[in-house]
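Report on one structure; see the data block that follows.
Each value in this text was obtained by applying a stated rule to the coordinates, not by laboratory testing. Since this is a predicted model, take the numbers as computed values, not measurements. So basically every Cβ, Gly included, is an ideal-geometry build from the backbone, and we count neighbours across all protein chains shown.
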Amino acid sequence: MTKVNKWTLGLAAIGLVSLPAVVQAEEKPNQLLTALSSTTISGYVDTSVHWNLGTGNGFPPPYAYNTPSKQDGFNLNVVDITLEKPLDEGTWSAGYKAELWFGPNAAGIGNNIGSSVSAAAGGGNDLAIKQAYVALRAPIGNGLDLKLGTWDTIIGYEVANAGGNPNYTRSYGYSVEPTQHTGLLASYQVNKVVGLSAGIANTWNAGINNRSARTESSKTYMGSVTLTAPDSFGAIAGSALYLGIVDGYNSFLGNDVTSYYLGGTLATPIKELKLGAAWDYAQGHDNNFVAAGNVKPNRGYINTVGIYASYQATEKLSLHARGEWAQLSGADDAATPANIPTVDIYAATVTLQYDLWANVLSRLELRWDHMSSVEGFGGPSSHTGGPNKQNEVLLAANIIYKF
């Protein structure tokens with residue numbers, strides 16, 4: 001017999017509720033509560049302090065989220081809130097993910113203003129839908145996973161959520177990759193060694209429900225292969241090699257872009273030491289091409305290489321280093337200002353992380369950037385309003401609380 005509390009009995013006695021109806025409602029499970037019980041809420045608050053050594057911070061190095069408004073001061077970077085129902089082990093499984101960003105870094109996604117690299121200019125809205133998709137699993141082979149909606153790009157060594165990266169500041173490789181796509185993504189794990197993914201989306205760049213202006217049927221296509229070293233590889237077991245490509249129409253630039261990515265992580269015989277490397281190559285086709293906020297001419301390209309090393313010194317203390325080279329180039333034609341050259345950028349980053357508080361990621365970072373030439377990129381004859389500094393040194397502290 002269902003137990004009914006005395007308040008309910010009292011209301012039934014004076015005719016305000018029907019006791020059988022109350023009992024029946026209590027005996028049936030609440031469908032809304034049942035659905036919500038499998039939903040998780042997570043996220044983080046990302047803050048930082050920047051000290052740019054020297055003077056003249058109006059045109060900082062063009063890597064993602066390094067806007068002039070963050071120089072020499074205290075910053076709220078982003079607040080992330082994620083609602084998710086993960087896929088379960090069922091043969092026909094369904095779930096969803098809705099991830100929202102609040103704060104200045106939200107503009108860096110580019111879905112409010114159409115460009116995945118426009119955050120270098122410091123503009124845009126402080127609210128963005130980072131991901132929002134329905135997840136499905138079909139019992140095909142080992143299980144085919146599908147995402148329909150808006151989801152993170154499939155290429156890149158670094159990810160959008162800063163706490164998932166070895167360093168606080170972003171690489172030039174990350175800065176020239178797309179951030180998100182709206183479309184359908186399929187993933188399939190062939191075995192423990194080989195993983196595959198393929199997708200079709202509206203555009204190369206971010207922008208929820210964007211469409212190509214070229215033709216109604218124009219879409220962006222992408223694919224990737226992940227190879228993971230099995231346990232039989234001994235000391236390097238768990239090492240991974242990743243290859244990916246994204247090709248399609250950039251609705252912000254009005255031209256096609258092809259992005260190639262090759263990256264990997266290497267476990268070493270020294271258990272505490274891990275190495276990594278990444279190569280990004282973005283090629284523009286037709287019309288203008290944008291390199292981290294700077295307009296490049298027809299057939300322009302961006303070539304970047306990053307080398308990573310991480311060492312877990314103690315349970316709480318870890319050290320992370322990154323070295324980079326990036327080349328921004330474009331072909332000359334009638335529409336190209338003659339003073340825009342090929343530019344090489346070199347960068348070195350060292351990060352010390354110490355996990356003192358529970359649920360808190362705390363790190364101190366020193367970064368140096370060197371640009372081979374500032375002519376055409378904020379220099380004396382610039383069309384961007386210059387001048388840039390050829391050498392930039394940043395000392396930053398980053399505190400992230402995860403919940």
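For S171, S48, S93, what's the fewest-to-most ordering of other Cβ within 10 Å of each Cβ? The partial results should precede the final answer.
Working: S171 26, S48 21, S93 17.
The most exposed by this proxy come first: S93, S48, S171.
Ranking request for peptides 84-90, 243-249, 366-372: highest mean number of other beta-carbon atoms within 10 Å first, then the rest in descending order. Working shown, then result.
Details: 84-90: 12.7, 243-249: 20.6, 366-372: 18.0.
Ranking the peptides 84-90, 243-249, 366-372 by packing returns 243-249, 366-372, 84-90.
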Once you sort the root eigenvalues of the Cα gyration tensor of the range 184-228 as a ≥ b ≥ c, which label holds: rounded (a/c under 1.5), prolate (a/b larger than b/c) or oblate (the other case)?
-> prolate
Summing +1 per Lys or Arg and -1 per Asp or Glu among the other residues with Cβ less than 14 Å from V350's Cβ gives 0
Counting Lys and Arg as +1 and Asp and Glu as -1 over every other residue whose Cβ sits under 11 Å from the Cβ of G173, the net charge comes to -2
May I ask you to sort T351, T314 by Cβ crowding, counting other Cβ atoms within 10 Å and putting the fewest first?
-> T314, T351
For F59, F102, what's the fewest-to-most ordering of other Cβ within 10 Å of each Cβ?
-> F102, F59
Cut-off 15 Å between beta-carbons: net charge of the residues surrounding E324, Lys and Arg +1, Asp and Glu -1 | -4
Provide the gained length on full extension for the span L352 to V225, in nm with one decimal, where the gain is 0.36 nm per separating residue minus the Cα-Cα distance.
-> 42.5 nm
For a paramagnetic label modelled at 7 Å from the Cα of A198 toward its Cβ, which residues of the range 245-288 fall within the zone defined by backbone nitrogen distances under 15 Å?
-> 245-247
